[in-house]
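What follows draws every value from the coordinates through simple rules; no lab data is involved. This structure is a prediction, so every number in the text was calculated from the model and none was measured. Don't worry about glycine lacking a Cβ; one is built from the backbone with ideal geometry, like all the others, and counts go over all protein chains shown.
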Amino acid sequence: DTGVSQNPRHKITKRGQNVTFRCDPISEHNRLYWYRQTLGQGPEFLTYFQNEAQLEKSRLLSDRFSAERPKGSFSTLEIQRTEQGDSAMYLCASSFRQGARTEAFFGQGTRLTVV
Amino acid sequence: DAKTTQPPSMDCAEGRAANLPCNHSTISGNEYVYWYRQIHSQGPQYIIHGLKNNETNEMASLIITEDRKSSTLILPHATLRDTAVYYCIVRAGDDKIIFGKGTRLHILP
């Protein structure tokens, strides 16, 4: 257990429905990252936050995707009008910079299946 | 795009040292070399990172060449539980992590 918690662990939804995932980072970590991973591929960067500020969004994050971190603690990733191509593992990570100590720790992910 | 090149797969006998190579010829002076691994259906697990000196922790050793253009992750006594995909990453500070395809390590009994 890395201390990064993601819920739910699994989600099955019908095409066209909206889904929301939650990530609870390690408590003192100010950076929070979201990734997507499909079968056989490495994780792909989606977006990341410094406290509540969203610093960067990947081109992969279409208009149907939105991420928030309202109080600089937990974060949510929402997908609107899901498509079958959204089926993937969604991973969250967090980190805190202290000198050269900047390692990021990942949660176990939320596996989304769109049927 | 990932700034590292790794072999797609490797085999290692159980109990032997596993040496995983990584090329990062375009690494910048402020970028660290990180290694993560991912066991099937789990999130990536941090292993080790370094800037220019060799590093060792309870999981592995990291050897970085003097010109910093390549590195080797060493698992000293591989076990079946070390079977995973290993990712070599270059990263500045706490910037986003860009993953490549990694090396799929098979530990053979």
Any idea what % of Cα-Cα pairs in region B:17-109 are farther than 24 Å? 15 percent
In whole Hz, the Karplus estimates of ³J(HN,Hα) for region B:2-19 (6.51, -1.76, 1.60; θ = phi - 60°; x where Gly or Pro) are 5, 9, 10, 10, 9, x, x, 8, 8, 10, 8, 6, 4, x, 8, 7, 9, 10
Applying the Karplus parametrisation 6.51 cos²θ - 1.76 cosθ + 1.60 with θ = phi - 60° to the phi angles of region B:70-78, what ³J(HN,Hα) value in whole Hz is obtained for each residue in order, glycine and proline being reported as x? 8, 8, 9, 9, 10, 9, x, 9, 5
Column: log10 I(q)/I(0), Debye, Cα scatterers of chain A, q = 0.16, 0.23, 0.24 Å⁻¹: -0.68, -1.36, -1.46
Can you flag which of B:Lys3/B:Lys52; A:Lys11/B:Lys3; B:Lys69/B:Lys101; B:Lys52/B:Lys96; A:Lys71/B:Lys52; A:Lys11/A:Lys57 are past 26 Å Cα-Cα? A:Lys11/B:Lys3; A:Lys71/B:Lys52
Efficiency by 1/(1 + (r/R0)^6): what FRET value for B:Asp67 and B:Ala92, r their Cβ-Cβ distance, R0 = 25 Å, to the nearest 0.05? 0.85
Got a sec? How would A:Val4, A:Val19, A:Val115 order by Cβ neighbour count within 10 Å, fewest to most? A:Val115, A:Val19, A:Val4
Can you give the average number of partner chain beta-carbon atoms within 10 Å of each beta-carbon in peptide B:64-77, as a whole number? 0
Which cross-chain or sequence-distant (5 or more) residues have an amide H under 5 Å from the amide H of B:Ala60, H modelled 1.01 Å from N in plane? none
B:Ser41, A:Ser58, A:Ser95 arranged by Cβ crowding within 10 Å, fewest neighbours leading: B:Ser41, A:Ser58, A:Ser95
Non-local amide H neighbours of A:Thr47 (under 5 Å, H modeled in plane, Pro and chain starts lacking H): which ones? A:Trp34, A:Ser58
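Starting with the fewest neighbours, write out B:Ser25, B:Ser71 ranked by other beta-carbon atoms found within 10 Å of each beta-carbon.
Neighbour counts put them in this order, fewest first: B:Ser25, B:Ser71.
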Taking Cα centroids, how far is region B:10-34 from region A:17-61 in Å? 26 Å
Gain upon complete extension [B:His40, B:Arg81; 0.36 nm per residue less C-alpha separation]: 13.7 nm
